[in-house]
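Handing you a structure now.
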Amino acid sequence: MSERGRVPTQVDSAPRPAIPALGYGAANLGNLFRALTDDEAWAVLDAAWESGIRHYDTAPHYGLGLSERRLGAFLQTKPRDEYVLSTKAGRLLRPNPDHVAGGLDTANDFHVPDDLLRVGDFSAAGIGASLDESRERLGIERIDILYLHDPERYDLDLALAEGFPALEELRAEGRVGRIGIGSMTVDALTAAVRSADLDTIMVAGRYTLLEQPAAAEVIPACAERGTRIVAASVFNSGLLAQSEPRRDGRYEYGALPEELWQRLVRIADVCREHDVPLPAAAIQYPLQSPVVESVVVGGSRPEQLRQNAELAALEIPADLWRELAAEGLIPA
């Protein structure tokens, strides 16, 4: 095996690494919504690296392993101590007996062959197998953060009983640095934080400039337990990705409710009054909380990565946050 594809036999662990404030969420590398060539995916990662991004998140779910393979191939060309890598466990990839030539995984929004199935397994054995298989696809032994991925969609009770204790054991053995959960469900996030000794959780779309359902229970639970947060999906399905919101924008899996549309319009107005691009405020808002350590954003084109890095570094006046809070648009 070439050096580029080699998986080291010894675990080079670095417990609880610090996480850079801006990360790249690599779902697009798995051909989310549209197919990328290998060269196009590499160009996206090149732009991320050249823009200073050193935090990368992936998962077996993204493109049935394609995201992990592409990200791993790129990161193998970089010094291992210069980046933080996270992936997820709970969805094992197994052969699809119903696959036919030309079949695609578009039911899950990924333009890849559906020759594999996602099999939910949050048992201790399943978590261990998931980690080993992710390391093989990545070609990288050291995983800095391992999240349980959407356990509420499969068996949250099993995850609480076996999955999280398995993560704790992997951390104690030095096989991963940090452990946590990645989910967009407030109840699952809260239950995980309160029942397990988690370092970091990934909150997807539940703590954004537009809406903050995680503020009621998740953030207080994290503050109490000393758990840090990585905020993902901070653009709310793209609603906050441009300075001029569109009424026909999608929200979650359907149309944008009128109440949220009016809220979005007023947030955009306040940003405009302070000469702050709405996407910059969207990226930086979660970081105003002391328990939020990083924000992860996606992107399928190099220019998106460069722009996100610029927006993350833009200076935003404190008066913007004060006015948004005074109008009840964000928690005071």
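Give the residue that is nearest to residue 320 (Cα to Cα), with candidates limited to residues of segment 197-230 that are small (Gly, Ala, Ser) and out of contact with any strand residue (DSSP E or B) (no Cβ under 8 Å at 6 or more places or on another chain).
My answer is 215.
Is it fair to say residue 242 is open to solvent by 50 Å² or more (accessible area, probe 1.4 Å), assigned to a helix (DSSP H, G or I) and not charged (D, E, K, R)?
Values: open to solvent by 50 Å² or more (accessible area, probe 1.4 Å): yes; assigned to a helix (DSSP H, G or I): no; not charged (D, E, K, R): yes.
Here the answer is no, as residue 242 does not meet what is asked.
Which pairs turn up if I take residues in segment 81-101 that are within 18 Å of residue 116 (Cα to Cα) and look for partners that are open to solvent by 90 Å² or more (accessible area, probe 1.4 Å) with beta carbon separation below 7 Å, at least 6 apart in sequence or on another chain?
90/154
Can you tell me which residue is most open to solvent (accessible area, probe 1.4 Å) among those in segment 299-319 that are closer than 23 Å to residue 237 by Cβ and more than 20 Å from the chain's Cα centre (by Cα)?
314
Right, next: Would you confirm whether or not segment 87-96 contains a residue that is outside any strand (DSSP E or B) and open to solvent by 10 Å² or more (accessible area, probe 1.4 Å)? Let's see the steps before the verdict.
Step one: filter segment 87-96 for residues outside any strand (DSSP E or B), giving 90, 96.
Narrowing further to those that are open to solvent by 10 Å² or more (accessible area, probe 1.4 Å): 96.
There is at least one residue in segment 87-96 that is outside any strand (DSSP E or B) and open to solvent by 10 Å² or more (accessible area, probe 1.4 Å).
Restricted to segment 217-227, and to residues that are touching a residue at least 12 places away in the same chain (Cβ under 8 Å) and over 18 Å from the mean Cα position of the chain (by Cα), which residue is nearest to residue 268 (Cα to Cα)?
217
Is there any pair linking a residue in segment 243-264 that is of a type in the set (Phe, Trp, Tyr) to one that is open to solvent by 70 Å² or more (accessible area, probe 1.4 Å), with Cβ under 8 Å and at least six apart or on different chains, and which?
251/237; 261/247
I'm trying to understand the selection: among the residues of segment 169-205, which are in a strand (DSSP E or B) and of a type in the set (D, E, K, R)?
Within segment 169-205, 178 is the sole residue that qualifies.
In the set 226, 249, which member is open to solvent by less than 50 Å² (accessible area, probe 1.4 Å) and under 25 Å from residue 22 (Cβ atoms)? Walk me through it before giving the result.
On the way: 226 fails: open to solvent by less than 50 Å² (accessible area, probe 1.4 Å).
Sole residue among the options that is open to solvent by less than 50 Å² (accessible area, probe 1.4 Å) and under 25 Å from residue 22 (Cβ atoms): 249.
Each row is one residue, and each column tells you yes or no for (1) outside any strand (DSSP E or B); (2) modelled with pLDDT of 95 or more; (3) not small (Gly, Ala, Ser).
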residue	(1), (2), (3)
23	no, yes, no
36	yes, yes, yes
52	yes, yes, no
56	no, yes, yes
59	yes, yes, no
63	yes, yes, no
67	yes, yes, no
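Residue 132 fails exactly one of the following numbered conditions: (1) assigned to a helix (DSSP H, G or I); (2) touching a helix residue (DSSP H, G or I) at 6+ places or on another chain (Cβ under 9 Å); (3) open to solvent by 20 Å² or more (accessible area, probe 1.4 Å). What is the number of that condition?
(2)
Specify which of the listed residues (166, 159, 107, 101) is open to solvent by 50 Å² or more (accessible area, probe 1.4 Å) and farther than 29 Å from residue 45 by Cα.
101
Between a residue in segment 45-60 that is at positive phi and in contact (Cβ under 8 Å) with a residue 40 or more places away in the chain and any residue that is assigned to a loop (DSSP other than H, G, I, E, B) and among the β-branched types (Val, Ile, Thr), which pairs come within a Cβ distance under 8 Å, given they are 6 or more apart or on different chains?
Short answer, once both residue conditions are applied: none.
Where in segment 247-332 are the helices (runs of 4 or more DSSP H), entirely inside, with at least 2 residues that are aliphatic (A, V, I, L, M), in contact with a Leu (Cβ under 7 Å, 6 or more places away or on another chain) and over 29 Å from residue 44 (Cβ atoms)?
258-273
If you don't mind, there's one more thing I want to ask. Quickly run through segment 69-86 and pick out the residues that are open to solvent by 10 Å² or more (accessible area, probe 1.4 Å), closer than 18 Å to residue 136 by Cβ and not in a loop (DSSP other than H, G, I, E, B).
69, 70, 73, 80, listed by residue number.
Condition (residue is part of a helix (DSSP H, G or I) and at negative phi) applied to segment 141-148: is it met by at least one residue?
No, that holds for no residue.
The values are calculated or read from the model by the stated rules, or taken from the named source; none is laboratory data. What you see is a predicted model, and the numbers here were worked out from it, not measured in a lab. Every residue, glycine as well, gets a Cβ built from its backbone with ideal geometry; the counts of neighbours run over all protein chains shown. Just the protein is used for accessible areas: all its heavy atoms, side chains included, with ligands, DNA and RNA removed. Shrake-Rupley method; radii C 1.70, N 1.55, O 1.52, S 1.80 Å.
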